[in-house]
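We did not get these values from a lab; they are worked out from the coordinates using the rules stated. Note that the structure is predicted; figures quoted are calculated from it, not measured. Glycine gets a Cβ as well: all are built from the backbone with ideal geometry, and neighbour counts include every protein chain shown.
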Amino acid sequence: MNGEECPQVFESVLVANRGEVASRIIHTVRSMGLKAIAVYSEADAGLPFVAEADEAILLGPAQPVHSYLDAPSVLEAARRTNAQAIHPGYGFLAENAGFARRVMDAGLVWVGPPPLAMARMGDKINARNLMKEAGVPVVAGVWEPVPDEDTAAEEAERIGYPVMVKAAAGGGGIGMGAARDEGALRAAYRTARSRAERFFASPDVLLERYVEHARHVEVQILGLADGTVLALGERDCSVQRRHQKVAEETPSPAVGDELRARMLGAAIKAGETVGYRGAGTVEFLLDPATGEFFFLEMNTRLQVEHPVTELVTGIDLVEQQLRIAAGEPPTFTEARPRGHAVEFRVYAEDPRRFLPQPGKIKVWEEPVGEGIRIDAGYAEGNTVTPFYDPLLAKLCVYGVDRPAALARARAALAAFRIEGLETNLPFLAELLERPEFLDGSYDTGLVDRMRPPS
């Protein structure tokens with residue numbers, strides 16, 4: 001980075017995260033000639049990201065509230081190490097507008113969007129209203145929090161069943177549930193409200209029309225330092241269990257050129273509406289039967305599935321985040337995706353019920369070869385603890401087209417050996433034999449059809 005060109009120049013970056021995303025960010029920070037600083041909990045002391053950083057600071061005990069979610073401790077670590085910037089990764093404090101403000105108030109560079117943009121998009125109801133005003137398609141639903149069960153029942157009748165019930169401040173599928181009648185609606189409302197209070201400290205609940213056989217398609221945007229918002233293509237994230245993504249690909253098999261142009265245009269409009277800067281994702285529900293798409297939410301951070309976009313564009317999104325945060329222009333003049341990329345999330349979990357399976361990793365052998373990328377958070381000998389999301393690694397593959405990418409993925413999955421604890425590798429191999437995945441006709445109900453809920 002050139003300090004003469006940028007008054008916000010920084011030479012060190014504290015990565016306020018753990019596991020594979022921390023390793024991913026550290027790699028780019030160091031490749032840019034910057035100092036990488038890691039923070040870690042007692043449970044994570046032996047993980048690869050700690051050793052990969054130039055300096056590492058212990059935050060506290062294993063529980064996230066006493067480590068990765070402890071904003072004062074993270075800021076104190078930055079002070080102790082003379083960090084000049086903070087990159088939050090995803091999860092934990094990444095979408096916490098209050099934390100972003102505290103980082104900036106401390107005189108540090110926040111590697112993320114403006115706190116106001118984060119706050120405006122962090123509440124799903126507020127985000128819906130903003131997008132509707134901006135002309136971005138929004139699915140039928142409520143425009144303010146639903147205060148009680150009776151009101152929820154009235155609103156559901158107005159919207160029309162089936163409806164989706166969500167925590168307004170939520171994310172990661174927590175608190176979400178579909179309802180096809182009033183009895184199911186009341187139960188879903190109670191669940192959503194309870195989990196909203198528990199996980200997000202906000203009881204607000206919203207209702208939306210449930211789109212049958214929908215696809216979940218998102219657009220990667222990049223808000224540049226000069227105010228320009230770019231769209232770098234779409235990703236299909238329809239393979240989900242419990243409303244949480246398992247596999248992602250780009251381009252989407254369900255999106256043609258005309259639809260793609262409309263979706264990318266809507267995503268750019270969404271970013272411009274909130275003055276977005278940095279990497280972000282605008283998520284849409286797509287009705288394949290009609291070609292209609294609807295705004296779902298905006299993730300004001302780097303996404304877990306960002307590698308597939310990097311593979312088809314050749315653009316390092318973390319590098320662009322750092323450059324934008326420093327007030328510098330991007331390293332590219334245009335983004336033209338080429339080929340096809342697929343990502344599979346490898347979890348320490350029971351491959352049938354998808355329940356976490358912590359334990360010690362006795363064997364870890366990664367596949368290697370052309371077009372294969374592994375973003376890993378663990379290595380042989382590490383222990384997966386019950387304190388965090390059980391994501392072990394992301395297996396990403398690239399091919400000149402979708403059949404080539406899937407063939408490469410099949411070979412890579414077969415070569416990936418993890419022993420000592422259960423993983424979802426058998427499920428991912430099964431997914432690659434599923435006809436509706438192979439022909440690209442799948443939707444968000446695919447995993448439930450493969451593993452019917454008991």
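Between the range 63-126 and the range 379-454, the C-alpha centres lie 31 angstrom from each other.
Here the peptides 300-312, 393-405 are ranked by packing, the mean other Cβ count within 10 Å, and the order with the highest first is 300-312, 393-405.
Shape analysis of the range 12-111 yields a ratio of the Cα radius of gyration to the Kirkwood radius, Rg/Rh, of 0.92.
Estimated from helical segments only, the mean residue ellipticity of the chain at 222 nm is -10000 deg cm²/dmol, where each DSSP H run of four or more residues counts as -39500 (n - 2.57). Can you give the percent of C-alpha pairs in the range 140-209 whose distance is more than 17 Å? Counting every Cα pair in the range 140-209, those more than 17 Å apart make up 28 percent. Over the C-alpha atoms of the chain, the Rg to Rh ratio, Rh being the Kirkwood estimate, stands at 0.94.
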